[in-house]
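Reading through the structure tokens given below for one structure.
The values are calculated or read from the model by the stated rules, or taken from the named source; none is laboratory data. Note that the coordinates shown come from a computational prediction; the quantities given were computed from them, not determined experimentally. Cβ coordinates were reconstructed from backbone atoms using ideal geometry, including for glycine residues, and neighbour counts include every protein chain displayed. Side chains included, ligands, DNA and RNA excluded: accessible areas come from the protein's heavy atoms. Shrake-Rupley method; radii C 1.70, N 1.55, O 1.52, S 1.80 Å.
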Amino acid sequence: MAEGETESPGPKKRGPYISSVTSRSVNLMIRGVVLFFIGVFLALVLNLLQIQRNVTLFPPDVIASIFSSAWWVPPCCGTASAVIGLLYPCIDRHLGDPHKFKREWSSVMRCVAVFVGINHASAKVDFDNNIQLSLTLAALSIGLWWTFDRSRSGFGLGVGIAFLATLVTQLLVYNGVYQYTSPDFLYVRSWLPCIFFAGGITMGNIGRQLAMYECKVTAEKSHQE
């Protein structure tokens, strides 16, 4: 190259900070979408089971979509699943104690299977009274947390999710959106918080696994650069 000749400027690269922020935003959006559709799918399957066993009853004018489910149930469950799945790894990072117990997809799939089994038991297994059913599901839900989570943050978030979700359900039933057969806990069934707790733990594990996969991909890209 002759003296005084300058090299033509190539395409400008984004700074490392901007690139990192953009990458995190895209990954966050992708994880949220994946969690949303997982929540929608589980809501359709589990709600179909509850309706078939006449555990939940929707008024005829609200039933409007596939699987005889009210149209708003799957989107609401999908949104809640996305929030929960993104919240768990976020709390782990803020606490500085990343969750490392049984971090593989096979464990996550087993956790989902156990959650579906707990929900199936709530609709199909016949007990002498609701107290026995509630205690059994409570033991199964805590067993799910102990087997697949064991973190204090996971347990605390699960309890908080169960409380808030049960409160929202009480309000919906009170306003006549739908109803539970044989309610024994104000307007709902006493075992409902156990289902919400187990669902929170399950979606939290899925969210944590997706976040760990994202970290691996990001680390590999940084290493290649």
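Of all the numbered requirements in (1) open to solvent by less than 80 Å² (accessible area, probe 1.4 Å); (2) more than 25 Å from residue 88 (Cβ to Cβ), residue 160 misses one, and that requirement is (2). Tally the residues that are open to solvent by 70 Å² or more (accessible area, probe 1.4 Å) and not in a loop (DSSP other than H, G, I, E, B), restricting the search to region 175-190. Here the count works out to 2. With respect to the conditions (1) open to solvent by 80 Å² or more (accessible area, probe 1.4 Å); (2) within 15 Å of residue 200 (Cα to Cα); (3) of a type outside the set (A, V, I, L, M); (4) in contact (Cβ under 8 Å) with a residue 60 or more places away in the chain, residue 153 falls short on a single one, namely (1).
Within region 116-160, being of a type outside the set (A, V, I, L, M, F, W, C) and in a loop (DSSP other than H, G, I, E, B) holds for 126, 128, 129, 149, 150, 151.
So, in region 63-88, how many residues would count as being within 15 Å of residue 207 (Cβ to Cβ) and either of a type in the set (A, V, I, L, M, F, W, C) or at pLDDT below 90 (or both)? Adding up the residues that qualify gives 7.
Exactly one residue among 198, 113, 123 is at pLDDT below 85, aliphatic (A, V, I, L, M) and either more than 15 Å from residue 85 (Cα to Cα) or open to solvent by less than 20 Å² (accessible area, probe 1.4 Å) (or both), and that residue is 123.
For region 126-150, the candidate set comprises residues that are touching a residue at least 60 places away in the same chain (Cβ under 8 Å) and more than 19 Å from the chain's Cα centre (by Cα); within that set, the residue that is most open to solvent (accessible area, probe 1.4 Å) is 130. Selection of region 163-174 for residues being open to solvent by 20 Å² or more (accessible area, probe 1.4 Å) and touching a residue at least 24 places away in the same chain (Cβ under 8 Å) yields 163, 165.
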